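Asker: One structure follows; several queries about it will come next.
FYI, it's all coordinate maths here, none of it is from the lab. Just so you know, these numbers come straight off a predicted model, no measurement behind them. When we count neighbours, we look across all protein chains shown, and the Cβ atoms used for this are built from the backbone with ideal geometry, even at glycine.
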Amino acid sequence: MKLAEPPFIRSNSRAPRARALIGKNFLDLDSLVAQIGSEVGESLSQALERVLHLASTGQIDRASLNALRSEIETARSTAKSAQQIARLGVGNLQIATERLDLPRLLREALRWRGRELEERGIEVRHVLAQAQVLGDATLMFSLLSTLLDWSFQHTRSRIDITLDIKPWPAHARLVTAFAFQSPDEELVDAAAPASNAGKLDTVSWRLLQRMATVLRLPLQRSDARGRTTVDIIFPTTVVPVVDESPSETPESEWLQNDLQNRPLAGRSVLALSAHRSLLSSVSHTLMPLGVAVESAQALEQGTMLYADAAPDAVIYDVALAGPGFEDWRLSLPKSWENTTYICISDSGKAFEVVNAGNRQLAMVGRDAVADSLPAALLFELSRQG
C-alpha cells in the first residue's frame, strides 16, 4: 500500500545528481528495523484492543474513537517515516541548489498541518526572522515537515519555534522547543532522566537526523528537566549586502556576497595529527573558505605556533585523544578558553556531537572531512555565541 504524502514543493528536476551524505554507520540498521517493528506493533496492538472491545460491546465513546484514530495514525506515520529513510539511504538523490525563503517554507508546512493542530489542540508560537538559504526545496520542506511531525508526537506544551540570524559567521538558526513531560510526570520520573529523554528517539527523530545529514545541516538536541530543544544550523545562508552607491538593482534584493560564499573567512584553526595526509585534508578543505590553518604533528609544536594569539578552533586526530591531550589542553593559557575543539574520528560517520565526560565533543569522520568539516566548524563556532 502506498502511503499518501503532503504535496512537497518540487525542486528542479534537472538538478545534478549527488550521492546522499550518509555514512554506512550513521544508523544501526538492525536497531532501526527493530525500532520500526516495535513502534508500529505497539500502536496497532492498542488499536486492536479497542476494536475487540467494540466488537464485544457494540459501543464506543468519542474519546475511545479519537484514541483509536490516533493509534492507527501513529502506526501509519511510523511506516511512512521508514519509507522515507529507505529512500534517503539509496543514494543517487537529485539534490538541487536554489535560493529558498525559509520562513515561507515553514509557514507552508504549518498551514498544511493546520487541521491537525486544531483537532489536537496544539499551540505553535513562531518568531521568524527574514532568512534565505541555499538548498533543495523538496528536501528542505520535508525536513521542516518531519520536525513538526516529531514535535507533535511528543509535545505536552506549546511549541516555540524561533528563526534568527547569527551575525558571525553569518547563518540562520532554527530553534524548536517544547516540554515532552508534564510537571507531574517530571516529578514521578525524575530518577530516570536519561530513559525519559530516550522516549524522544522515535523513528521520526531518526528520519529528521538523516534528512539533516543529507542536507549538510548541523543538528543538535538538548533534553533537560522534561523539556527538549532542537537547533538546526543553515551554513549556506544568503545575507544582504548594503550598497549606498547608485544602482538599478532594487534595494530590497538579496545578494550573495563574499561573507555568504566564505562564512568562515578570517577564522584561525590549529590542525593536529601525526599523519600528514590528514593535515593536508584539513588544510585543503578549509583554506579555500578563508580559514587560516596552521598544522602541527605534536602538541607542543601547536602551542608554539599560537604563542601570541589563540586559534578559534583546534582540529585534532582521535589518535591524540587521551590523558596526555587533556593535560595539554588544561595547561594552555587563559587566552585559549574560548577555543573550540573538533575531533577527527577513524569511522566513516559524518558530523555528530557526542558526550565526553562532562562536556559535549564535536566529531567528524575521517572520510567525511571534505563534506562535513566546514559545517561542523561553523556550528561549533556559533555555539561560542
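Asker: Go through region 333-339 residue by residue and turn each phi into a ³J(HN,Hα) via Karplus (6.51, -1.76, 1.60, θ = phi - 60°); whole Hz please, and just put x for glycine and proline.
Answerer: x, 4, 5, 8, 5, 9, 6
Asker: Given Cα pairs under 8 Å that are at least 6 residues apart, what percent is the relative contact order of region 264-382?
Answerer: Working: 196 pairs, mean separation 28.5, N = 119.
With pairs under 8 Å counted, the relative contact order is 24 percent.
Asker: What distance in nm separates the two pseudo spin-label positions at Asp201 and Arg107, each 7 Å out from Cα along the beta-carbon direction?
Answerer: For Asp201 paired with Arg107, the spin-label model returns 3.8 nm.
Asker: Calculate, for Leu305 and Arg62, the FRET efficiency according to 1/(1 + (r/R0)^6) with r their C-beta to C-beta distance and R0 45 Å; round to the nearest 0.05.
Answerer: Working: r = 70 Å, r/R0 = 1.57.
For R0 = 45 Å, the calculated efficiency reads 0.05.
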